[in-house]
1. Read phi for every residue in the stretch 95-101 and hand back ³J(HN,Hα) as whole Hz from Karplus 6.51 cos²θ - 1.76 cosθ + 1.60, θ = phi - 60°, with x for Gly and Pro.
2. Treating only the Cβ atoms of Lys and Arg (+1) and Asp and Glu (-1) as charged, compute the dipole magnitude of the chain about its Cα centre; round to the nearest 20 debye.
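Every number in this text was worked out from the coordinates using simple rules, so none of it is lab data. Just so we're clear, the structure is a prediction, and the values are computed from it rather than from any experiment. Cβ placement follows ideal geometry from the backbone for every residue including glycine, while neighbour counts extend to all protein chains displayed.
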Amino acid sequence: TILGDGSASRLFLELREERGLVYDISASSVEYADAGAFIVSGGADPSKVIPALQLVTAALRRLAREVPSEGEIERARAYLAGRLERAADDPRGLAEWHASQRLLRRSPQELPDLLAEIMRVRPADLLRVARRLVKVGGFRVGLSAPRTTVAALRRAAARGDLDPSLLQPRTR
């Protein structure tokens, strides 16, 4: 939520509002019982993809380096709590919530308990988790773009203007 969910997120403010590099940008996570992914997605003019990727990777590194402000945490808490409460008001959202809890957690968590847990999150908690999950060299790019843009990305990586690991296949 702090990094890329909503119009007050770091990525949206910097890449869209301040710099005009993207049409849209967001960050989300996908959780499974034994794995997951953190995803940043967006849309940009091909001529702006390289600076956008540079800023996204810098923002990810900053997330793992700097403690977010209490104000950012408070906005994220309120945003996430509101989103969860709206989902609970919708029969489909509530069914999805309970299904995911049963499928993905050993002990299903009730919504009021999760909301209380969200309210207890402190800036240092977020930094600790970000340091564990955000690893340099662990980022990858999936791209739907003209071949000229892909070639430009490869040239930028070769020059050192872009993290070359972004373009490498992930291996175990």
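1. 5, 4, 4, 5, 5, 5, 4
2. Around 920 debye, computed over the chain.
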